[in-house]
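The values are calculated or read from the model by the stated rules, or taken from the named source; none is laboratory data. Nothing here was measured: the structure is a model prediction, and the numbers come from that model. Here the Cβ is made from the backbone with ideal geometry for all residues, glycine too, and neighbour counts use every protein chain on show. Just the protein is used for accessible areas: all its heavy atoms, side chains included, with ligands, DNA and RNA removed. Shrake-Rupley method; radii C 1.70, N 1.55, O 1.52, S 1.80 Å.
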Amino acid sequence: MPRPTNEVLVSPSPGTVVAPIHRYTDEQLAKIRALHEYAETLLLPPTDSYYPWELRWINKPDTMTRYSRASKWNFADAQKRIKATIEWRREFKPDLIPPDEVRIESETGKMCALFRSNTQTDLHLHQRLTDAP
């Protein structure tokens with residue numbers, strides 16, 4: 001097990017190999033396009049004030065690919081997931097949350113980023129847990 005460190009790592013370890021960007025088959029690309037077309041049918045009307053935010057989110061280059069991969073290319077499951085997320089985003093409007101409203105979460109160490117490398121190594125990035133400024 002790697003030892004804990006406080007050292008800031010700014011470059012990968014020697015011998016680290018960066019995996020290629022995802023390459024999709026024609027069938028997968030067709031599913032990504034179909035999911036995008038489906039998501040467009042769920043959008044709010046253009047007159048709604050939140051419409052530009054929804055449109056921006058579904059047009060991000062990684063949105064449809066993430067949902068397709070997460071559903072293991074099961075189109076019905078991807079549709080269900082994207083619909084649920086759009087409904088959640090409409091309710092909570094994460095794009096419109098002012099930074100000051102969530103600042104305390106980062107200041108008190110309640111934010112944690114968890115990653116898993118391609119070599120299945122867990123990487124945990126934590127802030128100090130404290131309620132003191």
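With respect to residue 85, determine if the residue is among the polar types (S, T, N, Q) and in a loop (DSSP other than H, G, I, E, B).
no
List pairs: first residue in region 80-98 and farther than 21 Å from residue 36 by Cα, second residue outside any loop (DSSP other than H, G, I, E, B) and not acidic (Asp, Glu) anywhere in the structure, Cβ distance under 9 angstrom, at least six positions apart or on different chains. Going by the 9 Å Cβ cut-off, the qualifying pairs are 96/53. The set of residues in region 72-82 that are assigned to a helix (DSSP H, G or I) and of a type in the set (D, E, K, R) comprises 77, 80, 81. For region 15-33, taking the residues that are open to solvent by 100 Å² or more (accessible area, probe 1.4 Å) and modelled with pLDDT of 85 or more, the one that is nearest to residue 63 (Cα to Cα) is identified as 33.
Residues of region 3-52 that are among the polar types (S, T, N, Q) and free of Cβ contacts under 8 Å to residues at least 40 places away in the same chain: 5, 6, 11, 13, 16, 25, 41, 47, 49.
Conditions tested, residue by residue: (1) open to solvent by less than 50 Å² (accessible area, probe 1.4 Å); (2) among the basic types (Lys, Arg).
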{"position": "35", "(1), (2)": "yes, no"}
{"position": "39", "(1), (2)": "yes, no"}
{"position": "46", "(1), (2)": "no, no"}
{"position": "49", "(1), (2)": "no, no"}
{"position": "64", "(1), (2)": "yes, no"}
{"position": "69", "(1), (2)": "no, yes"}
{"position": "75", "(1), (2)": "no, no"}
{"position": "86", "(1), (2)": "yes, no"}
{"position": "89", "(1), (2)": "yes, yes"}
